[in-house]
Amino acid sequence: MYQELGIEPSALAVARQYGSLLAGFVMDDIDHAQAESVRALGIKPLVTGTLMKTSVDRQRLAKQTLDFGLQLEKSPQR
């Protein structure tokens, strides 16, 4: 959809689009180079594997995401 709107489809583009609503952003390892740019927007990134091929993958990502959310909840508001 972003490409159809003339916007580069990327994790950073999504963070820019929704940044005013976000305190944290889960992004895939493949986008790790964009993490500092996301952080510069005032959004804390969690860079991890988001592809869930197995139940172990799903459990790992769920735990990481929940832990990340709890960290954000404890962090001072931006």
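Selection within region 1-39: residues that are hydroxyl-bearing (Ser, Thr, Tyr) and not in a helix (DSSP H, G or I). The member of this set that is farthest from Arg58 (Cα to Cα) is Tyr2.
Going through (1) farther than 28 Å from Ile7 by Cα; (2) surrounded by 13 or more Cβ atoms within 10 Å (Cβ to Cβ) one by one, Gly49 falls short only on (1).
For region 56-66, how many residues are surrounded by fewer than 11 Cβ atoms within 10 Å (Cβ to Cβ) and charged (D, E, K, R)? Number satisfying all stated conditions: 1. Can you tell me which of Leu61, Leu46 is in a strand (DSSP E or B), within 25 Å of Glu73 (Cβ to Cβ) and of a type in the set (A, V, I, L, M, F, W, C)? One residue alone meets the criteria, Leu46.
Taking residues in region 19-37 that are modelled with pLDDT under 95, and partners anywhere that are assigned to a helix (DSSP H, G or I) and of a type in the set (Lys, Arg), not one pair has Cβ atoms closer than 6 Å while being at least 6 places apart or on different chains.
The values are calculated or read from the model by the stated rules, or taken from the named source; none is laboratory data. Note that this is a predicted model, so its numbers are computed, not measured. Please note: Cβ atoms are built from the backbone with ideal geometry, for glycine as well, and neighbour counts cover all protein chains shown.
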